[in-house]
Amino acid sequence: MIRILLVEPMNLLRGALAATLSLEEDFAVVAALGCLAEAPATARAMPLDVAIVNVELLGGEGVRLFGEFTAEQPGCVTLGLAGTEAPASLRRALDVRVHGVVSTRVAPGELVRGVRRLKRGERVIDAGLAVALVAAPPSPLSERELDVLSVAASGVPSAEVAARLHLTAGTVRNYLSVILRKTGARNRLEAVRVAEDAGWIRQRA
């Protein structure tokens, strides 16, 4: 029996996925959660073979929660569900080292086959997501500029960005000016959106 944990925030999709997976005689959906916050406790409570997790939950605080989950269940393989072909989706999943990624657009049979392949130790990467990632333009931002923009994405003022990165406020302002020019954005929020959509920085939770 393949014991499956499902983590999907959309109630309708979560229910449909659970129903589809439960049709397989050797599949058991032992828990269906709406958020990652419950995953570590679930991992401590029962053995799991496969976790199916919406990759949009793997940003921000989700990274820490996913790390706690995998620490509790090191033998459990993870299949990421991506609802979009934006490069950020696949990058986010690969950043936290999931074992496979499929699109929510795949046919039910493809999802079932993906679970079985993961359980056999194979990697599963959705072709559409992989093509989108390869075709995505490289980031024009330097590593330090990406650091500044990643912290700025949380909405904190420039002084706080400077404090977190051990920079002066003036240096942060200079970095932000360069970031706006390179991304063609009119303001900081627009620059964050451009970078998130392109997968250059991890999306906010």
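The values are calculated or read from the model by the stated rules, or taken from the named source; none is laboratory data. Computed from a predicted structure; not experimentally measured. Glycine also receives a Cβ, built like all others from the backbone with ideal geometry; neighbour counts cover every protein chain displayed.
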Note on Asp95: of the conditions (1) under 17 Å from Arg123 (Cα atoms); (2) surrounded by 17 or more Cβ atoms within 10 Å (Cβ to Cβ), unmet is (2)
The number of residues in region 107-141 that are over 18 Å from Leu48 (Cβ atoms) and either over 18 Å from the mean Cα position of the chain (by Cα) or assigned to a loop (DSSP other than H, G, I, E, B) (or both) is 15
Checked region 142-159 for anything under 16 Å from Leu189 (Cα atoms) and either of a type outside the set (Val, Ile, Thr) or assigned to a strand (DSSP E or B) (or both); matches are Glu145, Leu146, Asp147, Leu149, Ser150, Ala152, Ala153, Ser154, Gly155, Pro157, Ser158
Closer than 23 Å to Gly62 by Cβ and either surrounded by 15 or more Cβ atoms within 10 Å (Cβ to Cβ) or in the same structural domain as Thr104 (by TED's automatic domain parsing) (or both): is that true of Leu167 in this structure? no
Report task. Check region 135-153 and report whether any residue there is within 19 Å of Ile4 (Cβ to Cβ) and among the hydrophobic types (A, V, I, L, M, F, W, C). Result -> no
Only unsatisfied item for Ala185, checking (1) over 18 Å from Val63 (Cβ atoms); (2) touching a residue at least 12 places away in the same chain (Cβ under 8 Å); (3) within 26 Å of the chain's Cα centre (by Cα), is (2)
Of the candidates Ala39, Ala45, Ala71, the one satisfying the condition of being free of Cβ contacts under 8 Å to residues at least 40 places away in the same chain and within 22 Å of Thr20 (Cα to Cα) is Ala39
